[in-house]
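> Have a look at the structure that comes next, please.
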Amino acid sequence: MNEASLQWGGRFRSAPDPALLAFGSSFEEDLLLARFDLETSRAHVRALMGGGVISQDTAATLERALDRVAAEIDDGSFAIWARKGAFEDIHGAIDARVRELDAEAGGWLHAGRSRNDQVATTLSLYAAARARDGMARVTTIAIALVARARNALAEGSVLAGTTHGQPAQPILLAFWLQAAAEPFVRGARRFASVAKEAMEAMPLGSGALAGSCLPLDRHAAARYLGFARPSRNALDAVGTRDALFACADAWATSCVPASRIAAEIVHWASPLLGYVRIGDASASGSSLMPQKRNPDIFELVRAGTQRVLGDARTAWSASAPLGLSYHRDLQESKQSAIAAIERAESILEAFARAFADLEFDVVEMERRATLGYTLATDLADALILHGLDARRAHRLAGERVALAEEQGRPFDASDLRALGTQVGVEALEAPLDARAGVRAKATDGSTSPEAVADALDELEKELFVLAGAV
Ligand code: ARG
């Protein structure tokens, strides 16, 4: 009989069906939890020793066995060993290996512990670490976007900003890049809050659901792992995956801005527009059409984001029908959450690499910046500044759009003279080119070069703090 058949002890007379054991195993996906689970075991050794349940000698022996398993995990031999048995999860596998290394001391490792409090603790540690990784990841992306915004600001590059996908008003490219950076900063804040939540209450010592009769030193364990305190309700602690799911949410929602930028890049990369050139390192060709230069990575970022959003949602949903306490369903939802986190990381990594490989064609952008009469609002604003009410100003500027369109020309000095007579000046002072249009913006947070420079200063300050906090 192998370990798996023995693990339930005396209550069972025969081994489980290997097919069902395989069906119920998350061992392969759990491998990335191994180093966190070892920490959980080291903490439990401290709890056992601190409470006088095991001697210092036994604790030292267990520590040495755990060191050895750690080395085997690092060199890959642990996984090979574990695959020869049949384990439901990493927790059982590590415990079995410790017992194999030292049967005497190993028999004490699981005293007062259930896999329920063990998996909950290990997942909290994983969630905290991955939240910190996420924070570093989105902060790095935001820093890169801000650096590109600085360059674009120095050049004063403009383009037609859109709403509804239609030309709306000229904006600075730097303003667009700053807009792209902002949601990643918000993402970093969410990661920071998840990292804190994950390390708030330590489940270890909760046993299966009711706590333990053994005098476990939970404070020593919490101190060792870096939790703020032991959890205060064992039933809640073993049944909760909130921090893990919040971590999956933070990762998945951090892909959303990447996806939205990717959507815009896919559009911009078309030769019909020609705003960006996708570098050779990140573009794909076509097996049939020799001229093609496709933005595949950005398309995959878009689609991948939908997948990770789904996985993160599935994790929460799978736990919603459950009563309090541990249910095996939580193994399934753990897998969805981990899948979301790990895939989201590769999405953000690919996004950052492909974005760095983009070249903006600022000449092409500027050439199209006033197409579609994007300065009409500035014209109306100029009329309002001369005392016209907004409705009249809108109508008069709209009439000039209709006329210029009919005549097949852009706005010109004739429009300014005509509108000037409406307000009693020789010619209206209003921008006729995109750069003048962005310069004319007077509000904080606008696309004016001064406002964008101020905003970038503020953003950089926050990023500096966030980068230091990682
Ligand atoms: N394999 C389980 C999971 O990942 C951990 C063990 C939970 N306890 C149990 N009684 N099956 O959620």
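> With a Förster radius of 45 Å, plug the Cβ-Cβ distance of Asp280 and Asp329 into 1/(1 + (r/R0)^6) and report the FRET value to the nearest 0.05.
E between Asp280 and Asp329, to the nearest 0.05, is 0.45.
> Does the stretch 1-88 come out rounded, prolate or oblate, given a ≥ b ≥ c as the square roots of the eigenvalues of its C-alpha gyration tensor, rounded meaning a/c under 1.5 and, failing that, prolate meaning a/b above b/c?
Here the stretch 1-88 falls in the oblate category.
> Treating only the Cβ atoms of Lys and Arg (+1) and Asp and Glu (-1) as charged, compute the dipole magnitude of the chain about its Cα centre; round to the nearest 20 debye.
About 740 debye.
> For Leu216, Leu209, Leu428, what ranking results if the residue with the fewest other Cβ atoms within 10 Å of its Cβ goes first?
Leu209, Leu428, Leu216
> Here is a follow-up. If one takes the longest principal axis of the Cα atoms in the chain, at what angle in degrees, from 0 to 90 and to the nearest 10, does the Cα axis of helix 34-50 lie?
The angle comes out near 50 degrees.
> Now for a different question. Under 5 Å between amide H atoms, partner at least 5 residues away or on a different chain: which partners does Val276 have, H built in plane at 1.01 Å?
Distant-sequence amide H within range of Val276: Ala269, Asp361.
> Report the label-to-label distance for Val401 and Ser317 in nanometres (one decimal), using points 7 Å from each Cα along the Cα→Cβ vector.
If labels sit at Val401 and Ser317, their model points lie 4.2 nm apart.
> Can you tell me the length gained on complete extension of the stretch Ala263 to Leu32, counting 0.36 nm per residue apart and subtracting the Cα distance?
Residue separation times 0.36 nm, minus the Cα-Cα distance, leaves 80.0 nm.
> As a footprinting exposure proxy, order Ile265, Ile90 by other Cβ within 10 Å, with the fewest listed first.
Ile265, Ile90
> Would you mind classifying the stretch 137-263 by shape? Square roots of the alpha carbon gyration tensor eigenvalues, ordered a ≥ b ≥ c; an a/c under 1.5 is rounded, otherwise it is prolate if a/b is larger than b/c and oblate if not.
The shape class here is prolate.
> Right, next: Give, as a single signed number, the net charge of other residues whose beta carbon lies under 13 Å from the beta carbon of Ala402, with Lys and Arg counted +1 and Asp and Glu -1. Numbers along the way, then the final one.
Numbers: positive: Arg395, Arg400, Arg409; negative: Glu399, Glu405, Glu406, Asp415.
Here the count lands on -1.
> May I pose another question? Can you run phi through the Karplus equation (6.51, -1.76, 1.60; θ = phi - 60°) for the stretch 369-384 and list ³J(HN,Hα) in whole Hz, with x for Gly and Pro?
5, 10, 4, x, 6, 6, 9, 4, 5, 5, 5, 5, 4, 4, 5, 4
> With the dipole of the chain worked out from charges on the C-beta (+1 for Lys and Arg, -1 for Asp and Glu) around the Cα centre, which of Ala436, Asn294, Ala19 lies farthest toward the positive end?
It is Ala19.
> How far is helix 390-406 tilted, in degrees, relative to the longest principal axis of the Cα atoms in the chain, given as a value from 0 to 90 rounded to the nearest 10?
Roughly 70 degrees between the two axes.
> Over the alpha-carbon set of the chain, work out the extent along each principal axis and list the three values in angstrom, largest first.
Cα extents, longest axis first: 99, 52, 39 Å.
> Amide H neighbours of Glu200 under 5 Å, counting only residues 5+ apart in sequence or on other chains, H built in-plane at 1.01 Å?
Amide H neighbours of Glu200, under 5 Å, 5+ apart: Ala228.
> Separate question: At a Cα cut-off below 29 Å, give the lysines reachable from Lys461, other chains included and same-chain residues fewer than 8 away excluded.
Once the sequence-local lysines are set aside, what remains near Lys461 is Lys196, Lys441.
> Just tell me which aspartates and glutamates come within less than 13 Å, Cα to Cα, of Lys292; anything on the same chain fewer than 8 places away is out.
By straight Cα distance, Lys292 reaches Asp280.
> Apply the Karplus parameterisation 6.51 cos²θ - 1.76 cosθ + 1.60, with θ equal to phi minus 60°, to every residue of the stretch 190-200 and state each ³J(HN,Hα) to the nearest whole Hz, in sequence, with x for glycine and proline.
With the stated coefficients, the stretch 190-200 comes to 5, 4, 4, 6, 5, 4, 5, 4, 5, 9, 6 Hz.
> Turning to a different aspect of this structure: Calculate the spin-label point distance for Asn151 paired with Ala228, positioning each point 7 Å from the Cα along the beta-carbon direction, and give it in nanometres.
4.2 nm
> At 0.36 nm per residue, minus the direct Cα-Cα distance, what do Arg367 and Glu342 gain on full extension? Give it in nm, one decimal, please.
My answer for the length gained is 4.8 nm.
> Here's something else I'd like to know. Please give, to one decimal in nm, the separation of the simple spin-label points placed at Leu235 and Asn294, each 7 Å out from Cα toward the Cβ.
5.6 nm
> What's the exposure ranking of Phe411, Phe23, Phe298, going from fewest to most Cβ atoms within 10 Å?
With the sparsest Cβ surroundings first, the list reads Phe23, Phe411, Phe298.
> Separate question: Considering the zone a paramagnetic label at Arg307 would reach in this model (a point 7 Å from Cα along the Cα-to-Cβ line), which residues of the stretch 19-35 have amide N under 17 Å from it?
Within reach of a label on Arg307: 29.
> Kindly work out what percent of the DSSP beta bridges joining two residues of the chain are antiparallel, to the nearest 5. Could the numbers behind the result be given before it?
On the way: 10 of 12 bridges.
Percent antiparallel among DSSP bridges in the chain is about 85.
> Read phi for every residue in the stretch 433-445 and hand back ³J(HN,Hα) as whole Hz from Karplus 6.51 cos²θ - 1.76 cosθ + 1.60, θ = phi - 60°, with x for Gly and Pro.
10, 4, 4, 5, x, 5, 5, 6, 5, 10, 9, 4, x
> Can you tell which of Thr370, Gly304, Ala152 lies farthest toward the positive end of the dipole of the chain, using +1 and -1 charges on the Cβ of basic and acidic side chains (Lys, Arg; Asp, Glu)?
Gly304
> Put +1 on the Cβ of each Lys and Arg and -1 on the Cβ of each Asp and Glu in the chain; which of Ile143, Val69, Ala281 then has its Cα farthest toward the positive end of the dipole?
Val69
> Applying 1/(1 + (r/R0)^6) with R0 = 30 Å to the Cβ-Cβ distance of Ala168 and Ala467, what FRET efficiency is obtained, to the nearest 0.05?
Taking R0 as 30 Å, the efficiency between Ala168 and Ala467 is 0.35.
No lab work stands behind these numbers, since they all come straight from the coordinates. Values in this document were obtained by computation on a predicted structure and should not be read as measured data. Cβ: placed from backbone, ideal geometry, glycine included. Neighbour counts: every protein chain shown.
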